[in-house]
Structures are given as structure tokens and as C-alpha cells.
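Dropping the structure in here first, questions after.
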Ligand code: FAD
Ligand code: FES
Ligand code: MG
């Protein structure tokens, strides 16, 4: 089962400016690659940023090995445009997998802005569920699903989402964050109902400041850089096939990198 880690990082300059929906780009050491991670929480008084990440490849494995008191070479942010927070009415926040951490500050900000917040969180199984109570505390209603039915309601997040859209209550906005395929299906679910659906795109990023072009996505037929024009976009306008294809460009290299690292350090590390 993949491991999910929560780190609190001392980064007062980032904590002073962080807003819901933004991210950081980190580099573990001089030779490490850069990876983007969402700002899951921040504490300006303490000067800390919380990141939550899932171990999927070399850099997240290496990150998981850091211990309290260790340093990272770079921790740059806050990057990206903050999520548009307003009083919309009823907002449905849908989170897939570790994106519960991404949606938390957004649900909280929507709640504080006076919206009725209905949250849906889904995971593959019970072991991957976290922050259930935290999300419940910033929602008027919380629906939990697991793909295998090992906890709460069995099924995908799109099922309760469709039921809410078909119900009596008018839904004014949907925020869907998680794996691209899940966001794509949430957008396809809301499209016939004409409910604006914001997704947080996660293409491969390098600099995170609009210079390398790596995070290029197509939205409404126009090329955008997710790091500076997003990461939030209108889910009904996103070219999902292009995004999914570009995310897989370096699968061979990523696989070889992980194998090399595991052969040097052991697969348990
Ligand atoms: P690799 O084996 O190198 O890659 C595994 C997969 O991760 C790749 O196939 C690719 O789809 C993706 N990936 C690889 N490198 C990058 C990169 N430089 N940028 C983006 N995706 C990449 N993950 C979390 O666990 N928690 C978060 O809060 C989080 N927030 C994100 C916010 C944004 C704006 C984006 C774009 C991505 C976010 N991710 C988050 C995804 C995270 O960046 C990748 O899981 C990480 O880069 C994987 O690195 P790796 O070396 O461990 O794995
Ligand atoms: Fe380089 Fe967006 S990550 S332009
Ligand atoms: Mg990598």
C-alpha cells in the first residue's frame, strides 16, 4: 500500500503569503530534481507550511526519509494563483486520494466565505483515508467513499456527486481535486448540469514560474502554463487526453530512476 506522509516545514516567508490552492516547489538537495507539492496548511505565527505527499517515485521516496530537524535545499513558494474564493452559495468539494490535503484549505476558505460546503472524499481503500474529521469540521456535510467498500460507502466519488446534482438543492460550484482521471470524470459528470467545475491540474512541473514550458496544458483550445495560469482551471474546458498523455512522458526514466535508487538504498527505504 502506498505511504502518505505529512511534514511541517519551517518556511516563514512562504507561510506569510500562502493562500488556498497554492503550491511549493521543493528540491531535497543540490543533485535532486524539483517537484511541486500543494500547501496543505500554513501557520503564519509559527512560520510553518504543512505538506502531505504520497510516495510514488524516487523523489517522494527520498523525501520520506527526511527526519525532524533535517533541511531541504529549496522550498520555493507560494506558487500558482490562489483558488477563487467567493460566496457562491452551495459548493461541492470533491477530493480523490491524497488530494484531501489539497482541498482542505479550499473547503475551509469556502466555508468561511459563507458557502454551504458539501464535501466528498474518496480513496481506493480504508488505509488511504485521512483527515476525515478535519474535512468534516469545515463542511456542512461529508460523504466518504472507498473503491473497494472497505470503509463507508462503496464506489467512486462521481456517484454521490451525480446524486447531489440530481437532488433538490441547487449546486452553484464544484471543486474537484485528485488524480487527473478522477477530475476528468467529475467534470464529465457535472457538464450536463451546467455547474461550473474547477479542477487543480497536476502536469509535470520543473521551475514552477512559467519559464520552462513543461507544465503546458490546453484549456478552451488555448495553451496555458499550469504553474502560473493555474493550477485551477475550468474542468469543462480542459483537454484531458493531452494532460494524461503528457503526465506519462517520462514513465520509463522514472521507473529506471526508482530501480537505480532502490538497488543502491534498498526497496524498503
Ligand atoms: P516519479 O516516479 O518521478 O513520478 C511519478 C509520477 O509523478 C509521474 O509519472 C508524473 O505523473 C508525476 N511527476 C513526476 N515528476 C513530476 C513533477 N516534477 N511535477 C509534477 N508531477 C510529476 N503530490 C503529492 O503527493 N502531494 C501533493 O500535495 C501534490 N501536489 C501537487 C501540486 C501540483 C501543482 C502538482 C503539479 C503536482 C502535485 N503532486 C503532489 C504530484 C507530485 O509532484 C508528484 O507525485 C511527484 O513529483 C512525483 O515525484 P517522484 O520523483 O517521487 O515520482
Ligand atoms: Fe515550467 Fe510551468 S513548470 S513553465
Ligand atoms: Mg521523479
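Laboratory data are not the source of any read-out in this text; all were calculated from the coordinates shown. Note that the coordinates shown come from a computational prediction; the quantities given were computed from them, not determined experimentally. For neighbour counting, all protein chains shown are included, and Cβ atoms are generated from backbone atoms with ideal geometry for every residue, glycine included.
After finding the eigenvalues of the alpha carbon gyration tensor for the range 176-269, what semi-axes result from the square roots of 5 times each, listed largest first in whole Å?
Working: eigenvalues 176, 53, 23 Å².
Taking √(5λ) for each eigenvalue gives 30, 16, 11 Å, largest first.
What is the projected area of the convex hull of the Cα atoms of the chain, averaged over all directions, in nm²?
Values: hull surface 57.3 nm².
If I average the Cα hull's projected area over directions, I get 14.3 nm².
Further question on the same structure: So how do 180, 150, 200 line up by other beta-carbon neighbours within 10 Å, fewest first?
Values: 180 18, 150 14, 200 24.
Sorted ascending by nearby Cβ count, the order is 150, 180, 200.
Could you pull the Rg and Dmax for the range 1-54, using just the Cα atoms, both in Å?
In Å, with Rg to one decimal and Dmax whole: 11.6, 36.
Moving on. How large is the convex hull of the Cα atoms of the range 60-212 per residue, expressed in Å³ as a whole number? Walk me through the intermediate numbers first.
Numbers: hull volume 22.3 nm³, N = 153.
Spread over its residues, the Cα hull of the range 60-212 gives 145 Å³ apiece.
In vacuum, with every alpha carbon of the range 1-137 counted as one equal point scatterer, what does the Debye formula give for log10 I(q)/I(0) at q = 0.10, 0.22 Å⁻¹? Two decimals, please.
Calculated log10 I(q)/I(0) at the listed q: -0.34, -1.41.
Convex hull volume of the Cα atoms in the range 130-212, per residue, in Å³?
Values: hull volume 12.3 nm³, N = 83.
Cα-based convex hull of the range 130-212, divided per residue, equals 149 Å³.
List 263, 119, 139 from most exposed to least, where exposure is judged by having the fewest other Cβ atoms within 10 Å. Intermediate results must be reported in sequence, preceding the final value.
On the way: 263 9, 119 27, 139 23.
Starting with the residue having the fewest Cβ neighbours, the order is 263, 139, 119.
Given all pairs of different Cα atoms, what value in angstroms does the Kirkwood hydrodynamic radius of the range 124-163 take? Please list the in-between numbers first.
Working: mean 1/r = 0.0942 Å⁻¹.
For the range 124-163, inverting the mean 1/r across all distinct Cα pairs yields 10.6 Å.
So for the range 71-155, considering every pair of alpha-carbon atoms, how many percent are separated by more than 14 Å? Don't skip to the end; give the middle numbers.
Details: 2274 of 3570 pairs.
Counting pairs separated by more than 14 Å, the tail of P(r) holds 64 percent.
If you don't mind, another one. Principal axis lengths of the range 216-269 from Cα atoms, whole Å, largest first?
Dimensions of the range 216-269 along the principal axes of its Cα atoms: 45, 18, 15 Å.
Which order results if 258, 251 are arranged by neighbouring Cβ count within 10 Å, fewest first? It would help to have the intermediate numbers written out before the result.
On the way: 258 17, 251 10.
If I rank by nearby Cβ atoms, fewest first, I get 251, 258.
Tell me the relative contact order for the range 206-269 as a rounded percent, counting alpha carbon contacts under 8 Å between residues six or more apart. Numbers along the way, then the final one.
Numbers: 45 pairs, mean separation 14.5, N = 64.
Relative CO of the range 206-269 lands at 23 percent.
Please work out the Cα center distance from the range 84-135 to the range 166-182, rounded to the nearest Å.
11 Å
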